[in-house]
1. Among residues other than Leu79 whose Cβ falls under 11 Å from its Cβ, what is the net charge (Lys/Arg +1, Asp/Glu -1)?
2. So what are the ³J(HN,Hα) numbers for the range 48-58, from phi and the Karplus equation (6.51, -1.76, 1.60; θ = phi - 60°), rounded to whole Hz, Gly and Pro as x?
3. Determine the sum of side-chain charges near Ser125: Lys and Arg each +1, Asp and Glu each -1, restricted to other residues whose C-beta is under 14 angstrom from that of Ser125.
4. Return the FRET efficiency for the residue pair Asp43, Ala67: r is the Cβ-Cβ distance, R0 is 30 Å, and the value is rounded to the nearest 0.05.
5. Note down the net charge around Ala114, summing +1 for each Lys or Arg and -1 for each Asp or Glu among other residues with Cβ under 12 Å from its Cβ.
6. Can you tell me how much longer the chain between Asp124 and Arg97 gets when fully stretched, taken as 0.36 nm per residue apart minus their C-alpha distance, in nm with one decimal?
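Throughout, read-outs are computed from the coordinates displayed, never taken from laboratory work. Remember, predicted model here, so these are calculated numbers, not experimental data. Neighbour counts run over all protein chains shown; Cβ positions are idealised from the backbone, glycine included.
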Amino acid sequence: MYDPWRRQTFLANRWRAWFSTHVLDIIPIRRDGSGDRRDLMADCRAALAAGDIVILFPEGSRGEPEAMQPLKKGIFHLLKESPEIPLTPVMLRGLGRALPKGEALLVPRNCDVAIGEAMHVGDDSAACMTSLKAAFDTLAEQCRWVASGSMSGSS
């Protein structure tokens, strides 16, 4: 499984770079504007071609804790060339409290994971992003439902 993350965070020094690329299996993405923008996701494409799982964070970076940021089209551009590869939306809720932005230590908190139905991106970026946004809205509602305690008790 590969996870593309910010180069500045995970490659800050030699030890962290080794750990991040050999243990966590991240694919560092150069987001500072340097390098060829056409090849931004080349390593992700190679991982997909090899049959590996790639986890992308479609918001691009961490924003306000527990607040969904606008989705970016990188996932569409990555998968439009491989329409047979499914996209499975996953909502992670509570991580903003468990690992606050800028902190190095985890804080013990309950977190929710909601997994949506696999989908394919197609060839229309607007339709893809609309469908993906709707999928995340549904998953967020499921997380709110669970957090409100609606699952506990009798039906």
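1. Values: positive: Arg45, Lys73, Lys80; negative: Glu81, Glu84, Asp123.
Once positives and negatives cancel, what remains is 0.
2. 5, 4, 7, x, 7, 8, 10, 9, 10, 9, x
3. On the way: positive: Lys72, Lys73, Lys80, Lys133; negative: Glu81, Asp123, Asp124.
Taking every other residue near Ser125 into account, the sum is +1.
4. 0.55
5. Values: positive: Arg93, Arg144; negative: Asp112, Glu117, Asp137, Glu141.
So the surrounding residues net to -2.
6. On the way: separation 27, 0.36 × 27 = 9.72 nm, distance 3.56 nm.
Contour length minus Cα-Cα distance gives 6.2 nm.
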